[in-house]
1. Hey, any hits in the stretch 37-46 for a residue that's at pLDDT 85 or above, surrounded by 14 or more Cβ atoms within 10 Å (Cβ to Cβ) and closer than 30 Å to Tyr144 by Cβ?
2. Filter the stretch 114-171 down to residues that are touching a strand residue (DSSP E or B) at 6+ places or on another chain (Cβ under 7 Å), closer than 22 Å to His74 by Cβ, not small (Gly, Ala, Ser) and not in a loop (DSSP other than H, G, I, E, B), then give me how many there are.
3. Restricting attention to the stretch 47-83, which residues are part of a loop (DSSP other than H, G, I, E, B), buried (at least 17 other Cβ atoms within 10 Å of the Cβ) and either among the hydroxyl-bearing types (Ser, Thr, Tyr) or in contact with a Pro (Cβ under 9 Å, 6 or more places away or on another chain) (or both)?
4. Looking for whichever is within 19 Å of Pro9 (Cα to Cα), among the aliphatic types (A, V, I, L, M) and out of contact with any helix residue (DSSP H, G or I) (no Cβ under 9 Å at 6 or more places or on another chain) here; the options are Leu97, Leu129, Leu78, Leu171. Which one fits?
5. Identify all residues within the stretch 34-46 that are more than 22 Å from Asp109 (Cβ to Cβ) and in a strand (DSSP E or B); write none if there are none.
6. Any residue that is touching a strand residue (DSSP E or B) at 6+ places or on another chain (Cβ under 7 Å), exposed (fewer than 15 other Cβ atoms within 10 Å of the Cβ) and in a strand (DSSP E or B) - is there at least one of those in the stretch 17-33?
7. Condition (residue is part of a loop (DSSP other than H, G, I, E, B), modelled with pLDDT under 90 and either in contact with a strand residue (DSSP E or B) (Cβ under 9 Å, 6 or more places away or on another chain) or more than 13 Å from Leu171 (Cα to Cα) (or both)) applied to the stretch 272-279: is it met by at least one residue?
8. Restricting the first residue to the stretch 190-203 and requiring it to be exposed (fewer than 11 other Cβ atoms within 10 Å of the Cβ), which pairs with a second residue that is assigned to a loop (DSSP other than H, G, I, E, B) meet a Cβ separation below 7 Å and a spacing of at least six or different chains?
Amino acid sequence: MSLPYSEFPVYIGGIGTTALPSEVNGYIPATQASVNYNTNHSPKRKLGTTIDSTDQFGFQQALSANISVDCVFHTGMLSGLDFLKDVNQDSSVIIQLGSGVYRDCYATDVSINIGPFAPVTLNASFVSLDPAIDGPISGDSNPYGGSTVPLDSDAVAYGHTCLIDDNANILNNTQSQISFTRKYARTPVYGIGSINASSMLLDGVEEELTVASTGLNSLINFSGQSLSSSLSVSVCGIGGTAAMSQILNLIKFDAGSRVLTQSLSTKGGETLTTSATIKQIKL
């Protein structure tokens, strides 16, 4: 029996809680979700004997479950994105895909893409230390607590509703594409007497912002260019007047961040296009 996408909602729970996500507060307007299970295995080859057909592999680590979720930003459906806040970057969440529950999920990569007249999209990748195992794959026939999901196109963030605040005067006045990435470096913590890691240590957080535009205010030298002031992008709904508070300051590069990559190109019949990549180390 096939499982339709309408019965496979995505919920992300609160920070550091063991309770299942609320189907209303934790609902994510997802466009894609995937899980990859991987075992860490090797053949059991021993001198003087052939491999036992009933015991062919040894396993050196816990099961790895990597989760990927794509979604749009929708006002009123952002509670499940609290893991994006700086204060929560060291914490885990519970993710529910359909009826499958994945506990102790830590974000590993986050990316946001902003383009003209298109919804702002988020891709978030997680590793689950306690994934759903042994049971069947099943859905949720009554998502959002059995109520109609209140999707409203006017509550979705679009590229043309976002605001760029370039206090550092790095970019040209016209931007055509923005790509933001954040990477978390984590180390699992294993204890005696348990297969699964008990938690993950946060070793580092690095961010990168690439902006395509029609020009550059200054070309970099061998050490790039340090930002003298901050550069930020506000993700807003229709109207561009109210930044979505749950992701406020998510895309913000403080003074001291550096422009480390630039490019420019053109061809017959077209205008010059440029891009600049800014990086900062937050931890």
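1. Looking for residues that are at pLDDT 85 or above, surrounded by 14 or more Cβ atoms within 10 Å (Cβ to Cβ) and closer than 30 Å to Tyr144 by Cβ, one finds none in the stretch 37-46, hence no.
2. Qualifying residue count for the region: 12.
3. Result: Ala62, Phe73, Thr75, Met77.
4. Checking each option against the conditions leaves just Leu97.
5. Residues satisfying the conditions are His41, Ser42, Pro43.
6. Within the stretch 17-33, one or more residues are touching a strand residue (DSSP E or B) at 6+ places or on another chain (Cβ under 7 Å), exposed (fewer than 15 other Cβ atoms within 10 Å of the Cβ) and in a strand (DSSP E or B).
7. Yes, the conditions are met somewhere in the stretch 272-279.
8. Gly191/Ser198; Ile195/Ala62
The values are calculated or read from the model by the stated rules, or taken from the named source; none is laboratory data. These numbers were taken from a predicted model, which means no experiment stands behind them. Here the Cβ is made from the backbone with ideal geometry for all residues, glycine too, and neighbour counts use every protein chain on show.
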